[in-house]
Every structure is written in structure tokens, then in C-alpha cells.
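Engineer: Before anything else, here's the structure in question.
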Amino acid sequence: MAIFNLATILSLVILSSLFDFGGAYIGLFIYMVLPAFMIFGLILIPIGMRLNRAQARREEAAGEVRNWPVLNFNNEGTRNAGFIFIFGTVFLLVISSIGSYEAFHYTESVEFCGKLCHKVMEPEFVTYHGSSHERVACVECHVGAGASWYVKSKLSGLYQVYSVLAHKFPTPIPTPIANLRPARETCEKCHWPEKFYDRKMKIEESFLADDSNTEQVIHLQMKTSSKMTSNGMENGIHQHINPDVRIEYKTTSDNRQVIPWVKYTNLKTGVSEVYTDNENQVSQAKLDSLENRVMDCLDCHNRPSHNYNAPQNFVDKLISSGKISKTLPGIKKVAMEVLYPEYSTKDSAFMAISEKVNAFYSSTYPELVISRKSDIGKAVAEIQNGYASNIFPYMKASWKHYPNNIGHMEYDGCFRCHNDRHATASGKVISRDCNLCHTILAQGTPDSMQYSNSFIPLEFKHPVDIDDAWRTELCSSCHSQLY
């Protein structure tokens, strides 16, 4: 058994290395399943010897005589058999140790994490490959360095295997907020607070859901770093994790979207300020029972590798990149109408997208059905690809269940605290002023742009006339419920 499984392992290694044989599951057999049978075969050897010895004693007690081999290494046959057994066992143990090492690396691989339980982990695997951390292995963030966290992850993994086999996994899988390692032990291996992050220019293109797909452009200077101005030091976004500052908060929701209490402490002076949400009052007894969490990277960058884009966002990217022609009338509107309903399967979603888009152009723009057939077909295919990359009916995973705290459009994000409601006893508030985090340098349509002068920020102009509602209402109150 040991030799047979060893030969099988070596054969599969050669086939996998030279011919890319086996797909995602070949490593499971090479480094885990077959080595287990090989070791079982080795264990059977001393067990067989033990059983044979017991049988010999019974035969001896019954008067039967069995001649045992004499271990005389002066005898050439005994010597050769002994050498074969010793070196064969050592060879198999060396191979087993190499296999164990490879098994360790295989269980740490992205392929193992994302493709072994294909349907269950498909949402995480797909969105991971569409992220900026695509070349960072899953374990670098989810486990990190050190034996203790490795053991914890494997113990957790055993329950996950059971959940998959017994079909007891939740849909969608909740974000492991409570069990994640602190960001300073993972994220800050590459992104550390003392590192200088210059201010960034961000240009966003979006399209209105009207017949002409009106393009809107906005240029934002993101205040990631602090800056000395004529009015003194202007703090940037990363002031939240400044080593001289500690920001603590308490939340009443499992996903940390509702924050009724914030404490700001200047570690140099020791001065502290406590802010409470005037519209979400919580009793002192309740506050005392809540976890006191120190703010770190993941409180804002909570979807660094598995971001589920809302339909309006991924459709805007498809149009701005030219994958969907922006000259197709009403394409943004019809895309929103077909993407927002919930579908039971991916196949039914694909069918509905194709049928509804084609029906829209057949009834509204029949002259385009023939003249721009290829553009319509390409638009259908790209909308389907966008759906498949961000919405997963089997696991009920989408942007609706995984809020992204960067920004404040579809989710409250920054406005969880920066909402003009959190105030101290003296009346000092955490402001929601747009210019705290970014400066608008240009905005408008491509043929009618408004530019700022001398970096004086422009006042935001909403693409659709909603009077001054954008000043008082949170963006998510509309943008998360467009359809």
C-alpha cells in the first residue's frame, strides 16, 4: 500500500508539473489524501508484525513449531533485506516530510482557499481576483505570521469543512469581523502609519440613467495626508490612525454600521473628547456592555479584497472603459432595471438580462436592433459579466449584504460618524463637511466643466436637481435604493 501510493503521488506530481493535469483538486490528492494512505500502509507493517507474533505464540502453545528467521547480518540475504527495509523506510519518511511541507503550502494557497469548496467560496474567490490585493495570498490577511494563528485558522477550517459537507453554512457567509487579526499585525506589514501617503487625484466618471447616458465627471483631490497651509496644519484622512491619536468607538450592530459613541484622545496632551449620536441615544448601562474598539485600518478599508460593486458602479466602469458603448441610448437605464431585481440562479439572471435588454431596444429603438446589433449584443454580454463578478445568487452574496465603508454613496461609510449628529457635551460635533476628506477641483459634463481656481474647493453640484437635499440627507438614503 505504501509503495503503491508513493508511486501514484510521484506520477501525479509529474503529470501536474508537466501537463497541468488535475485542476484545482490535484493538490488535495498529492499532498493530503494519498500521503495519508501511504502513511497508513507504513503503520500496517508493525501492526502486521504484532499480529503475526501473536499468532506464532498461539501456534507454539498448541504444540506447533514455527521457525523464525535469524537476523544474522553476516548472511547476505538477511543483510540485503535489512538494508532494503531501513533505506526504504527512511526514503518514504523523507518523501512524507517533503509532502507534509508541500501540504502546508498547499493549504495556504489561494487555490485551496478559493476553489476547493467551489460554490461556497465562489463569491470571495471571484471578487478577490478583481481587487487590488489579487497578488497577496489569502492567508497573509486572514491568518498572518506565527504558529498560534496558523493553528487557530486550521481549527476554524475544520468546522468550515464540516459546514460545507453537512450543508450548514450560512448564505451569505458573514464577514469574520470579530475573528480577524488586528490590522497592525497584517495590513501594517505593508501599509504602516508612519509611511508618507501623498494626496491623490481621483477622477470619477458616472452616467445618468437617461436616454443619452449623460456623462458626469468629478475631479477630487483626496486628502490622504496632512498638509501645512496658511491657516496651520490641515489634517488628512489618515489622521484617524495617527500614532499620536487614539480613536475609540462602540457599535450596536454586528457589522459595525451603527456607531452611537466615539472617543477621541490626543496621546501627546492626554486630552479626551467623547461624542455621542444625538439621534441614536444609548443608555449608559448599554454602552458599558459594548466592546470598546480602537479604530484601525479595517474600520474604513473593510473590503480591501472582496468588494462587491453596486450595479451603478460596475456599469459606469464598463461604459467609461468602452466595453459598453455610451452612444447606445438608454443603456444605463435598462441596465439598472435588469440588474436590481433578485434572481434565483445565475442562468435565470443571464436570460433575463438578454431578454429585457433586447426587448427594450425592440420596442423603444427598433431601428437600432439591426444597425447596432453587435453593440447591443456586446452590451448584453458585458452586463452579464458584471453581474457574474459582483452578484452570486447561490450564496445570496452581493453589495446589499457587504457594505463598503470607503466613501459614503451606497453605504453610510464615513457618515457613520461624520454626520453632524455626534456631539460632545459642550456642543462640538464631528463634521460632515465634504472638504474634510477631499477637495472638488472640477465637475460637470465633458463639454461643460467647472474648474476651481488656486485649489479653492468647488461647492458640490448634484447632477440631478434635488435642491439642497444633498446637504441634509445621507447619500445612501437614495443611492442604496435606486430601484
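Engineer: Going Cα to Cα from Lys428, which lysines come in below 16 Å? Please leave out same-chain ones fewer than 8 positions away.
Structural biologist: By straight Cα distance, Lys428 reaches Lys263.
Engineer: Only one of the listed values, (1) 37, 28, 23; (2) 58, 33, 20; (3) 30, 27, 21, was derived from the coordinates as semi-axes √(5λ) of the Cα gyration tensor in Å; which label is it?
Structural biologist: Of the labelled values, this structure produces (2).
Engineer: Enter the Cα centre distance for the pair region 291-315 and region 436-452, rounded to the nearest angstrom.
Structural biologist: Result: 26 Å between the Cα centres.
Engineer: Under a cut-off of 18 Å between alpha-carbon atoms, report the aspartates and glutamates in cross-link reach of Lys200, not counting same-chain residues fewer than 8 places apart.
Structural biologist: Correct list for Lys200: Glu234.
Engineer: If you don't mind, another one. Please list, ordered by chain and number, the residues whose modelled amide H lies under 5 Å from the amide H of Gly330; skip anything fewer than 5 residues away on the same chain.
Structural biologist: Close amide H contacts, sequence-distant or interchain: Ser212, Asn213.
Engineer: To continue, here is another question. When DSSP beta bridges are limited to those with both residues in the chain, what percentage is antiparallel, rounded to the nearest 5?
Structural biologist: Antiparallel: roughly 100 percent of the beta bridges in the chain.
Engineer: Per residue of region 253-269, what does 6.51 cos²θ - 1.76 cosθ + 1.60 with θ = phi - 60° give for ³J(HN,Hα)? Whole Hz please, x for Gly and Pro, Karplus curve as stated.
Structural biologist: 10, 5, 8, 6, 8, 10, 10, x, 9, 9, 10, 10, 10, 8, 5, 6, 9
Engineer: Moving on. Any chance you could check the Cα centroid distance between region 161-218 and region 382-405 for me, in angstrom?
Structural biologist: About 13 Å separates the Cα centre of region 161-218 from the one of region 382-405.
Engineer: So what is the 222 nm mean residue ellipticity for the chain from helices alone, if each DSSP H run of at least 4 adds -39500 (n - 2.57) and you divide by all residues, rounding to the nearest 500 deg cm²/dmol?
Structural biologist: -12500 deg cm²/dmol
Engineer: Can you return the lysines within cross-link range of Lys323? Criterion is Cα-Cα under 16 Å, with same-chain partners fewer than 8 residues away left out.
Structural biologist: Lys332, Lys373, Lys378
Engineer: Sticking with this one: For region 135-244, build the convex hull from the C-alpha positions and give me its volume per residue in Å³.
Structural biologist: 210
Engineer: Please work out the FRET efficiency for the pair Tyr451 and Glu473, using the Cβ-Cβ distance as r and a Förster radius of 35 Å; give the result to the nearest 0.05. It would help to have the intermediate numbers written out before the result.
Structural biologist: On the way: r = 27 Å, r/R0 = 0.78.
Taking R0 as 35 Å, the efficiency between Tyr451 and Glu473 is 0.80.
Engineer: From the C-alpha coordinates alone, can you work out the Kirkwood hydrodynamic radius of region 311-395, in Å?
Structural biologist: Details: mean 1/r = 0.0779 Å⁻¹.
Over region 311-395, the inverse of the mean reciprocal pair distance is 12.8 Å.
Engineer: Which of the pairs Lys333/Lys461; Lys223/Lys333; Lys154/Lys195 have their Cα atoms more than 24 Å apart in this structure?
Structural biologist: Lys223/Lys333; Lys154/Lys195
Engineer: Given H placed on each backbone N at 1.01 Å, which residues far from His422 in sequence or on other chains put an amide H within less than 5 Å of it?
Structural biologist: Asn278, Ile430
Engineer: Here is a further query. Pull up all non-local amide H partners of Ile218: gap of 5 or more, or a different chain, and H-to-H distance under 5 Å with H placed in the peptide plane.
Structural biologist: Glu204
The numbers here are math on the coordinates, done by the rules we state, and not lab data. As the structure is a prediction and not an experimental result, all values here were calculated from the model. A quick note on method: Cβ atoms are made from the backbone with ideal geometry, for glycine too, and the neighbour counts reach across all protein chains shown.
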